[in-house]
């Protein structure tokens, strides 16, 4: 497993767990959970998390961007215009070019607006951004995103924050077979077994926020997710046995007493 490295936009990571920084009780709790999770990438909502106002507590005071990669995202954006402005601002503030694009279509279900998302991906790619894209699990639209220069495809497993787990496993498997860039489950993970399932399908990583931040014991859940991702990845790489409706004895039939 030491040589099993996750590569995103020419950067290398040992951990395949990406953790969000929202919904925690405090920045201190957030920082502790991330440390326990072993994550090397954290998502940062540019419009919600303080990364520039030095008169208030800064995220950088708790999570060192020199040790953990910040992934600015466009959470809360409902138009391509807002998303583009937000990520250009992130570039100006911190020089970030690897970013997470998220353009929502409605405030109730928080599903991505794929037309605005595709439009934004095309523009950002031309401007030199390395775009990791939150999207639905439509194989045709995901291929268009990839062809438009996306550095990672990030389909939802279920609505953001729902904790429902993977609802359309068939489409995720289709995406795994067709996607050449990293495939990362982005939303809907609720418990450790969901993370295992995503990794066993062959996804390259999972992004988890609510399942950790809103758990009764965030630190325990952070650790559970850490090992779930590792277990799922090992299972995938090991090559599972083929399912069989009939029983198969564990011992040889030869040499019976």
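Here the helices (runs of 4 or more DSSP H) wholly within the stretch 31-148 that include at least 3 residues being at pLDDT below 95 are 80-94. Looking at the stretch 155-169, is at least one residue touching a residue at least 12 places away in the same chain (Cβ under 8 Å), in a strand (DSSP E or B) and buried (at least 17 other Cβ atoms within 10 Å of the Cβ)? Yes, some residue in the stretch 155-169 is touching a residue at least 12 places away in the same chain (Cβ under 8 Å), in a strand (DSSP E or B) and buried (at least 17 other Cβ atoms within 10 Å of the Cβ). Taken over the stretch 58-78, the criterion of being surrounded by fewer than 16 Cβ atoms within 10 Å (Cβ to Cβ) and touching a helix residue (DSSP H, G or I) at 6+ places or on another chain (Cβ under 6 Å) is satisfied by no residue.
Look at residue 121 and say whether it is in contact (Cβ under 8 Å) with a residue 24 or more places away in the chain and in contact with a strand residue (DSSP E or B) (Cβ under 6 Å, 6 or more places away or on another chain). Working first, answer last.
On the way: in contact (Cβ under 8 Å) with a residue 24 or more places away in the chain: yes; in contact with a strand residue (DSSP E or B) (Cβ under 6 Å, 6 or more places away or on another chain): yes.
Yes.
Output the residue which, of all residues in the stretch 12-39 that are within 23 Å of residue 234 (Cβ to Cβ) and free of Cβ contacts under 8 Å to residues at least 12 places away in the same chain, is nearest to the chain's Cα centre (by Cα). Among them, the one singled out is 12.
The values are calculated or read from the model by the stated rules, or taken from the named source; none is laboratory data. If you're wondering where the values come from, they're calculated on a predicted model, not measured in any experiment. Every residue, glycine among them, receives a Cβ derived from its backbone with ideal geometry; neighbour counts consider all protein chains shown.
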